[in-house]
Amino acid sequence: MDAVKSSDPTLHVFEQDGEWHWGITIDRPSGIGVKVVAFSDDGFGSEEEAREDGERAMREGEWKSQASRRAEPSRSSV
């Protein structure tokens, strides 16, 4: 079995406010903690649906495009 590389994404599935969501994290370059690089905007009716969609996002590399968009400077006035 291959060891997981620190840059490999990890899928998390969780329930929040009655809906299921997924999030994808990677280890921070500093080696301390993790960084959320993608997440589901919409909730799912079941844990299985959320997991399937999160696994699809990982397979298709969707998390990479979300991560690059989130790295852009915020346009928020806050």
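We did not get these values from a lab; they are worked out from the coordinates using the rules stated. Fair warning: this is a prediction, and the values are worked out from it, not measured in the lab. We place every Cβ from the backbone using ideal geometry, glycine too, and count neighbours over all the protein chains shown.
I need the calculated FRET efficiency for the pair Glu15 and Arg56, taking r as the beta carbon distance and R₀ as 22 Å, to the nearest 0.05. Display every interim value, and only then the final one.
Working: r = 19 Å, r/R0 = 0.88.
Here the calculated transfer efficiency is 0.70.
Which value in nm describes the separation of the simple spin-label points at Lys64 and Arg28, placed 7 Å from the Cα toward the beta carbon?
Here the modelled spin labels are 2.5 nm apart.
Pairs of alpha-carbon atoms within less than 8 angstrom and 6+ residues apart define the contacts here; what relative contact order does segment 10-66 have, in percent? Don't skip to the answer; put the middle values down first.
Working: 91 pairs, mean separation 19.5, N = 57.
Contact order relative to length: 34 percent.
Be a star and scan segment 15-47 for residues whose amide nitrogen sits under 12 Å from the point 7 Å along the Cα-to-Cβ vector of Ser7.
Correct set: 27, 29.
Give me the base-10 log of I(q)/I(0) for segment 10-66 at each q in 0.15, 0.31 Å⁻¹, Debye formula, one uniform scatterer per Cα, rounded to two decimals.
Taken in order of the listed q values, log10 I(q)/I(0) reads -0.41, -1.21.
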